[in-house]
Structure formats: C-alpha cells, structure tokens
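For reference, the structure discussed in these notes is given below.
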Amino acid sequence: MSDERLVRLTAWVHGHVQGVGFRWWTRARALELGLVGYASNQRDGRVLVVAEGPRDQAQRLVDLLRSAATPGTVNLVVESFTDARGELTGFVER
C-alpha cells in the first residue's frame, strides 16, 4: 500500500559530497521521482536536500542518498519529514 501524502523532506548529507556531482545527481533522481525542491552545498561540507512530494517518493530519495550509487562518499544522512508547504517548484542546485 502506497502513501501518497505530501511531505517535505529535509536531509543533511554528510561525507565527501561537494565537488563530485552530488547535487546534480540528486537533482536527477528527485526529478525522476517527481519531487520538487533543491540541493544546496553548505559551508561545513554537507549538502542540504529539501524535497516535497508523496511520502513514498521522498523516502525513496532518502534510500538513494544512502545507496552506494551516489557520487562521492556519503557517511551519514540525517532526515526529517514534515508537512509539505507547497512553495517549491522544479528541483534546482543551489
């Protein structure tokens, strides 16, 4: 049974994830999943991923962020789910 409830995913991705195409890869996966949002490099070396869409698809993105298929090296993904706000369109790299 799928969960089509719209959520907002906020995921902090730790590891060697800057300068390796990680944001581009995340954007491509999010668009394939029908999610909107952004992936943003942070000054401390992490990447912040914010995505909105169906809960199942947002969870799938988290699973992909944790997979061995990502560019670079992901050591940790810390995620939270809240209610979607509806202000995001497309998926961009920041």
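Read-outs: derived from the displayed coordinates by stated rules, not from any lab. It should be emphasised that the depicted structure is a prediction, and the values quoted were computed from it without experimental measurement. FYI the Cβ positions are ideal-geometry reconstructions off the backbone, even for glycines, and counts take in every protein chain you see.
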(message) Under a Cβ-only charge scheme (Lys and Arg +1, Asp and Glu -1), can you give me the dipole magnitude of the range 1-41 about the Cα centre, in debye to the nearest 20?
(response) 140
(message) Helix-only mean residue ellipticity at 222 nm, the chain, DSSP H runs n ≥ 4 weighted -39,500 (n - 2.57), per residue, nearest 500. What is it?
(response) -7000 deg cm²/dmol
(message) Less than 9 Å Cβ to Cβ from residue 17, Lys/Arg counted +1 and Asp/Glu -1: what total charge do the surrounding residues give?
(response) +2
(request) Note down the magnitude of the dipole of the range 30-94 about its Cα centre, charges +1 on Lys and Arg C-beta and -1 on Asp and Glu C-beta and zero elsewhere, to the nearest 20 debye. (result) 180
(request) In whole angstrom, note down how far apart the Cα centers of the range 65-79 and the range 20-56 are. (result) 12
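For the range 1-53, count all C-alpha to C-alpha pairs, find those more than 18 Å apart, and express that count as a whole percent of the total.
Summing the P(r) tail past 18 Å for the range 1-53 gives 33 percent.
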(request) For the chain, give the share of DSSP beta bridges that are antiparallel, in percent and rounded to the nearest 5; count only bridges with both residues there. (result) 90
(message) Please list the three semi-axes, largest first and in whole Å, of the ellipsoid equivalent to the range 28-94, using sqrt of 5 times the eigenvalues of its alpha carbon gyration tensor.
(response) 19, 14, 12
(request) Just add up the charged neighbours of residue 82: K/R +1, D/E -1, any other residue whose Cβ is under 12 Å from the Cβ of residue 82. (result) +1
